[in-house]
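In what follows, a structure is listed as structure tokens, so that the remarks can point back to it.
The values are calculated or read from the model by the stated rules, or taken from the named source; none is laboratory data. Every value quoted in this text rests on a predicted model; they were computed, and no experiment measured them. Virtual Cβ from ideal backbone geometry, glycine too; neighbours counted across all protein chains shown.
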Amino acid sequence: FIDSKAKICAEIFLTVSHCLLANCHPDKVKKIYSNPQVFGQCRIWLRNNYPRAELIEVSSTAKAAEVAAGEQYAAALAGDLAAEIYGLKVLQKAVEDSGRNETRFLVIGNSSAGKSGDDKSSIIVSVADRVGALYKMLYPFKKCGINLTKIESRPSKKKAWEYYFFIDFMGHIESEKVVEALRDLGQHALFIKHLGSYPRAK
């Protein structure tokens with residue numbers, strides 16, 4: 001997103017269910033592959049059923065299934081479609097801890113969506129590594145009465161202790177209070193990029 005011209009134009013929340021996939025007997029599983037998010041969503045089930053299994057993080061559930069298919073006593077946490085694609089057996093379905101296990105997907109396009117009256121926006125911000133910088137980054141949103149729905153930080157990989165903050169908030173980029181908040185934020189930020197404005201998923 002840092003260098004791309006693509007914009008977020010919609011968000012979708014889908015219910016996701018995870019399965020334990022392998023080509024060995026359930027009692028023979030010694031290693032389980034999946035991505036970090038899935039391990040987090042299945043933590044209690046794993047602790048209760050495979051407390052001694054080695055949990056190995058990979059980039060995606062598809063990769064987990066691919067790797068597990070090539071090992072004798074390995075399993076993957078992935079969707080049942082991965083079992084069909086990689087020739088694995090479904091040892092157990094619905095291993096997620098919560099029955100309301102939803103994953104957010106973003107729809108990417110060439111432009112943001114127009115105002116719907118119930119919108120969200122996403123931006124990337126970088127601020128200086130100094131005392132009070134994070135407070136100054138967040139204060140314009142409080143001042144303008146804008147609700148932040150998500151904040152994540154990632155290293156910039158350009159300079160030590162420099163981070164990018166991915167922020168989602170309520171409101172469209174064209175609304176007056178968002179314009180005011182971003183104008184104030186611009187006085188303190190090293191970098192701001194608008195990733196898109198889009199209708200809030202119901």
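Give the number of residues within the range 1-25 that are among the hydrophobic types (A, V, I, L, M, F, W, C) and closer than 22 Å to residue 88 by Cα.
Counting residues in the range 1-25 that are among the hydrophobic types (A, V, I, L, M, F, W, C) and closer than 22 Å to residue 88 by Cα gives 6.
Anything in the range 99-112 that is over 20 Å from residue 192 (Cβ atoms) and touching a residue at least 60 places away in the same chain (Cβ under 8 Å)? List them, or say none.
100, 101, 102, 103, 104, 105, 107, 109, 110
Look at the range 51-69 and say how many of its residues are outside any loop (DSSP other than H, G, I, E, B), of a type outside the set (Gly, Ala, Ser) and surrounded by 15 or more Cβ atoms within 10 Å (Cβ to Cβ).
6
Out of the range 47-101, which residues are in contact with a Cys (Cβ under 7 Å, 6 or more places away or on another chain) and aromatic (Phe, Trp, Tyr)?
Of everything in the range 47-101, just one residue is in contact with a Cys (Cβ under 7 Å, 6 or more places away or on another chain) and aromatic (Phe, Trp, Tyr), namely 73.
Report, by residue number, each residue of the range 5-38 that is farther than 30 Å from residue 110 by Cβ, assigned to a strand (DSSP E or B) and either among the hydrophobic types (A, V, I, L, M, F, W, C) or touching a helix residue (DSSP H, G or I) at 6+ places or on another chain (Cβ under 7 Å) (or both).
19, 20, 21, 22, 32, 33, 34
Return yes or no: is residue 167 at pLDDT 95 or above, within 19 Å of the chain's Cα centre (by Cα) and not acidic (Asp, Glu)?
Yes.
I need a count of the residues in the range 70-91 that are out of contact with any Pro (no Cβ under 7 Å at 6 or more places or on another chain), of a type outside the set (Gly, Ala, Ser) and either surrounded by 19 or more Cβ atoms within 10 Å (Cβ to Cβ) or not in a loop (DSSP other than H, G, I, E, B) (or both).
9
Pull up the range 115-152, narrow it to residues that are without any contact (Cβ under 8 Å) to a residue 12 or more places away in the chain and in a loop (DSSP other than H, G, I, E, B), then point me to the one that is surrounded by the most Cβ atoms within 10 Å (Cβ to Cβ).
Applying the filter and picking the extreme gives 132.
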